[in-house]
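Read the structure below first, then the notes.
The values are calculated or read from the model by the stated rules, or taken from the named source; none is laboratory data. Small disclaimer: the values here were computed from a predicted structure and weren't measured. Cβ coordinates were reconstructed from backbone atoms using ideal geometry, including for glycine residues, and neighbour counts include every protein chain displayed. The area values use the complete protein model at the heavy-atom level, side chains included, leaving out ligands, DNA and RNA. Shrake-Rupley method; radii C 1.70, N 1.55, O 1.52, S 1.80 Å.
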Amino acid sequence: PCRVAAVISNRADAEGLALAKAHGIPTAVVKHRDYPDRNSFDAALARKIDSYHPDFVALAGFMRILTPDFVAHYFGKLINIHPSLLPAFPGVGAQGQALAHGVKVTGCTVHYVDAGVDTGPIIAQRAVPVLDDDDEAALSARILAEEHRLYAEALARLLVEPWRIAGRRVLFGA
Ligand code: 4DW
């Protein structure tokens with residue numbers, strides 16, 4: 001129940017830009033290297049995003065830490081997906097962390113982005129089994145397939161159901 005207003009990247013070679021163009025979706029590039037510091041990059045990025053007036057901003061493989069000002073500007077609108085069941089295995093290499101720890105179940109998490117790394121209120125989670133013959137590539141592929149489903153389902157739910165953020169909890173329903 002939504003329209004993708006735009007796909008924006010800090011990297012001109014991001015695959016998502018080509019995919020968006022192929023679907024006739026507007027694209028933009030805001031390069032972090034064109035700005036002297038995080039605050040000025042984030043301000044330029046926010047100006048670009050806001051020119052499309054989105055209801056939600058969904059990170060997808062976005063690799064720059066966003067400043068507290070940016071995060072506050074999009075409170076309740078800025079979401080991300082992470083390839084583990086948070087708070088387990090935050091940060092980079094979540095799938096490898098899960099393998100190294102020997103867990104039998106991992107998964108993915110859709111969450112609001114706050115000023116921390118992978119710390120915001122959790123919107124949706126789904127479990128994915130770890131198999132004995134998994135390597136990082138095989139596990140990552142199994143999680144990614146679930147990420148694609150969960151991210152779309154979670155966003156659709158936020159769009160059609162009433163919800164509120166109560167402390168760390170995201171509560172659905174009136
Ligand atoms: C994330 C967290 C840290 C880095 C990259 C990605 C996960 C999602 C995310 C992106 N931007 C965010 C988040 C988040 O959870 N919270 C906030 N902003 N506030 C990371 O360490 N990135 C470094 C650069 C990596 C690179 O360019 O390859 C960095 O210094 O920004």
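Applying the condition of being under 13 Å from Val110 (Cα atoms) and of a type outside the set (A, V, I, L, M) to the range 132-167 and asking which residue is surrounded by the fewest Cβ atoms within 10 Å (Cβ to Cβ) yields Arg149. Considering only residues that are out of contact with any Lys or Arg (no Cβ under 7 Å at 6 or more places or on another chain), away from the ligand (no atom under 12 Å from the Cβ) and open to solvent by less than 30 Å² (accessible area, probe 1.4 Å), which ones fall in the range 16-73? If the condition is that a residue be out of contact with any Lys or Arg (no Cβ under 7 Å at 6 or more places or on another chain), away from the ligand (no atom under 12 Å from the Cβ) and open to solvent by less than 30 Å² (accessible area, probe 1.4 Å), then Leu17, Ala20, Ala44, Ala46, Ile49, Pro54 are the ones that fit. Can you tell me which residue in the range 31-56 is farthest from Leu78 (Cα to Cα), limited to those that are of a type in the set (A, V, I, L, M, F, W, C) and in contact with a strand residue (DSSP E or B) (Cβ under 8 Å, 6 or more places away or on another chain)? Looking at residues that are of a type in the set (A, V, I, L, M, F, W, C) and in contact with a strand residue (DSSP E or B) (Cβ under 8 Å, 6 or more places away or on another chain), I get Leu45.
Looking only at residues of the range 94-118 that are open to solvent by 10 Å² or more (accessible area, probe 1.4 Å) and small (Gly, Ala, Ser), we find that the one that is farthest from the ligand (Cβ to nearest atom) is Gly102. Within the range 19-35, residues that are of a type in the set (Phe, Trp, Tyr) sit with their Cβ atoms under 7 Å from residues that are part of a helix (DSSP H, G or I) and surrounded by 15 or more Cβ atoms within 10 Å (Cβ to Cβ), at 6+ positions apart or across chains, in these pairs: Tyr35/Phe41; Tyr35/Ala44. Cβ separations smaller than 9 Å between residues 6+ apart or across chains give the following pairs from the range 61-72 residues that are closer than 14 Å to Val30 by Cβ and in a helix (DSSP H, G or I) to residues that are open to solvent by 50 Å² or more (accessible area, probe 1.4 Å) and more than 8 Å from the ligand (Cβ to nearest atom): Phe70/Asn39. Among the residues of the range 1-15, those identified as open to solvent by 60 Å² or more (accessible area, probe 1.4 Å) and more than 23 Å from Ile65 (Cβ to Cβ) are Pro1, Cys2, Arg3, Val4.
Report, by residue number, each residue of the range 119-131 that is open to solvent by 30 Å² or more (accessible area, probe 1.4 Å) and either within 16 Å of the ligand (Cβ to nearest atom) or among the β-branched types (Val, Ile, Thr) (or both).
Within the range 119-131, the first condition is being open to solvent by 30 Å² or more (accessible area, probe 1.4 Å), and the residues that meet it are 119, 122, 125-127, 129, 131.
Across the range 119-131, the qualifying residues are Thr119, Ile122, Gln125.
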